[in-house]
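> First, the structure itself, so that you have it in front of you.
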């Protein structure tokens with residue numbers, strides 16, 4: 001999810017021949033949400049857990065934190081003589097399908113990677129499907145449930161593991177009759193365990209177009225999605241106070257280790273990998289939700305500390321680049337019979353201690369850099385059928401000439417005269433401001449049509465001629481039509 | 001022609017009210033009341049656990065729901081909660097949220113568990129009269145005033161009987177009619193609409209709600225919400 005604004009820092013400066021792929025591939029969205037399989041298991045209509053998917057209601061958050069346990073169908077069960085239940089397997093497997101069909105139009109086409117002109121056919125292509133996900137969601141055993149997803153992505157023409165969350169959870173009743181839930185989520189993307197839609201894994205924008213031009217973002221913003229995995233323990237007190245702590249280490253799925261000399265794509269985690277993390281890397285989250293009348297208000301904070309090897313042919317040993325992300329978030333939600341409205345936002349500040357690369361010529365100018373990311377959006381739905389969203393994304397950061405103005409993907413060794421551009425910042429600054437508007441129509445609770453328009457008032461540090469070869473920020477504006485259904 | 005039709009409707013409604021008072025649903029309620037099912041300690045513990053760790057997501061702490069789109073259950077009559085849970089499980093109560101949420105929630109409940117849950121909620125402290133939002137205060141007070149008159153005297157012109165005749169003057173309910181006092185107005189309105197248009201089938205109340213205007217429903221609902 002939301003990966004187009006989360007371009008990996010490492011990938012950013014180690015971009016090379018794979019950049020064409022990066023442009024169209026690594027920025028891929030990885031949605032993972034509303035599941036008719038949950039509806040099938042629980043017997044509840046989508047509206048119990050969602051306003052309109054993927055946004056969760058209070059009930060949906062409780063369902064997730066309690067381990068996807070509600071059950072309405074027949075179970076295959078086994079109870080011992082002592083009365084202990086040792087099996088509660090849903091008789092019908094909780095499998096589902098999630099399909100997104102997209103059509104994207106960039107205001108100005110990307111340059112042809114061989115010819116250098118703005119003639120690429122990648123503009124305006126219909127993607128059928130943009131993504132197709134196979135899912136398992138729901139109860140596996142008492143107190144143990146999962147939400148796991150394998151996604152086919154049109155732009156990279158392959159199946160990949162997607163957001164996955166295997167979760168143990170249980171609840172006790174405190175002496176004062178308040179509930180206390182505790183659990184552990186084993187997952188592959190920091191913030192996947194979180195139940196609010198303010199954090200990156202399931203945050204806004206829910207569905208970015210595939211052909212959007214990427215720009216840098218903090219590492220917690222899906223920058224290590226599916227490249228790391230780890231356990232996150234959590235507690236929820238009185239349906240109000242939530243705290244989670246976990247640690248991630250490298251997951252050997254290698255989708256970000258292109259061109260491994262021995263095994264090719266998906267190879268071992270080695271120096272070709274640009275996102276190999278050293279050891280265990282902590283992640284934390286604290287949030288408080290207050291419910292009154294038909295409103296819920298949430299404030300929270302989350303963050304992580306990741307030590308990442310520079311990759312790009314450098315041995316996976318010695319100093320690492322260290323990323324400290326600290327974020328705040330809020331959500332204000334109204335859910336009535338006919339109207340629902342949500343205003344939410346998050347602000348991430350990332351400090352980068354570039355111990356491994358530093359000003360050593362490995363593609364960065366500074367010993368330390370910083371990035372900040374602000375996202376806020378307002379969504380309204382009428383009768384869960386007609387809706388609109390308006391949102392604003394703002395990325396800022398320190399100027400780093402080498403990092404953001406490295407040779408772009410269109411500089412071919414065979415033809416050094418081709419222009420750089422599109423993902424290069426002439427002034428070496430990552431500042432990017434995006435305005436997103438969406439019109440939505442959901443004729444059924446499990447199908448919606450989204451028309452999204454993204455306008456960039458600033459891209460990689462400037463409004464006009466940001467890449468030094470004539471491309472303006474607004475040339476990257478995208479119009480995106482999406483048909484999204486789940487079954 | 002039109003007035004004849006209205007008269008017919010009123011007559012039919014009145015007749016159906018009288019008929020249904022005398023017929024099956026009441027009798028079954030009386031049975032339930034006559035022999036309140038005993039709840040074993042283990043089932044009582046189970047119900048308390050379930051109520052606090054699951055039902056509470058919508059129905060709130062001790063059955064005092066926070067969001068008015070979900071009903072408060074605290075202090076509701078046990079026989080009535082049991083009857084509703086049975087109807088959800090049997091999928092015979094068909095108003096939208098019953099269908100979208102409670103059908104699933106009740107699907108795996110056993111009779112014993114339903115009895116225990118009903119018992120648990122009936123023993124919780126009934127909801128306090130909720131305070132209307134400040135900007136709605138005056139409007140709601142006006143509505144409630146009108147609602148009080150409908151509740152106690154009915155609407156003679158359209159043949160709506162006084163609600164108090166069955167639900168008691170304090171709207172506390174009894175062995176045959178459910179408690180209404182303190183219920184969220186939005187929930188009561190929603191149910192009156194469902195009873196009015198028949199998506200929720202209940203012989204007595206379908207008849208009573210048939211001639212109700214939306215404004216009558218709001219008035220009564222706000223009055224009930226103001227009661228403790």
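FYI, it's all coordinate maths here, none of it is from the lab. Note that the structure is a prediction, hence the values are computed from the model and not measured. Counting neighbours? That spans all protein chains shown, and the Cβs are built from the backbone with ideal geometry, glycine included.
> Sort B:54, B:112, A:191 by Cβ crowding within 10 Å, fewest neighbours at the top.
B:112, B:54, A:191
> Taking the Cβ of each residue in A:458, A:108 as the centre, tally the other Cβ atoms inside 10 Å and list the residues starting with the fewest.
A:108, A:458
> Given R₀ = 35 Å, what would the calculated FRET efficiency be for residue B:228 paired with residue A:337, taking r from the Cβ atoms and rounding to 0.05?
Using R0 = 35 Å, I get an efficiency of 0.90.
> Sort the following peptides by mean Cβ neighbour count (other Cβ atoms within 10 Å, averaged over residues), highest first: A:287-294, A:192-199.
Ranked by mean Cβ neighbours within 10 Å, highest first: A:192-199, A:287-294.
> Hey, how many Å between the Cα centroid of region A:82-102 and the Cα centroid of region B:186-228?
Region A:82-102 and region B:186-228 have Cα centres separated by 39 Å.
> Averaged over peptide A:289-298, how many Cβ atoms belonging to another chain are found within 10 Å of each residue's Cβ?
The mean count of partner-chain Cβ atoms within 10 Å per residue comes to 3.
> Ranked highest first by the average count of other Cβ atoms within 10 Å around their residues, in what order do A:422-431, A:66-75 fall? Write down the numbers at each step before the final one.
Working: A:422-431: 22.1, A:66-75: 20.4.
Going from most to least packed, we get A:422-431, A:66-75.
> When Cβ neighbours within 10 Å are restricted to other protein chains, what is their mean count per residue of peptide A:236-244?
Averaged over the peptide's residues, the number is 1.
> Using Cα-Cα distances under 8 Å and only pairs 6 or more residues apart, what relative contact order does region A:302-412 have, in percent? Before the final figure, lay out the partial values.
Details: 228 pairs, mean separation 23.0, N = 111.
After rounding, I find 21 percent.
> Starting from 0.36 nm per residue, how many nanometres of slack lie between residue A:316 and residue A:382 once their C-alpha separation is accounted for?
Working: separation 66, 0.36 × 66 = 23.76 nm, distance 5.26 nm.
Using 0.36 nm per residue and subtracting the Cα-Cα distance, I get 18.5 nm.
> Only counting other Cβ atoms within 10 Å, I'd like A:235, B:189, A:37 sorted with the fewest neighbours first.
A:235, B:189, A:37
> Something else about it: Could you work out how far the C-alpha centroid of region A:218-253 sits from that of region A:295-346, in angstrom?
Cα centroid to Cα centroid, the span is 10 Å.
> Per-residue mean of other chain beta-carbon atoms within 10 angstrom of the beta-carbon, peptide B:53-64?
That average works out to 4.
> Taking square-rooted eigenvalues a ≥ b ≥ c of the alpha carbon gyration tensor, is region B:109-228 rounded, prolate or oblate, where a/c under 1.5 means rounded and, failing that, a/b exceeding b/c means prolate?
oblate
> Sticking with this one: Sorted by average packing, counted as other Cβ atoms within 10 angstrom per residue and highest first, what order do A:366-378, A:218-230 take?
A:218-230, A:366-378
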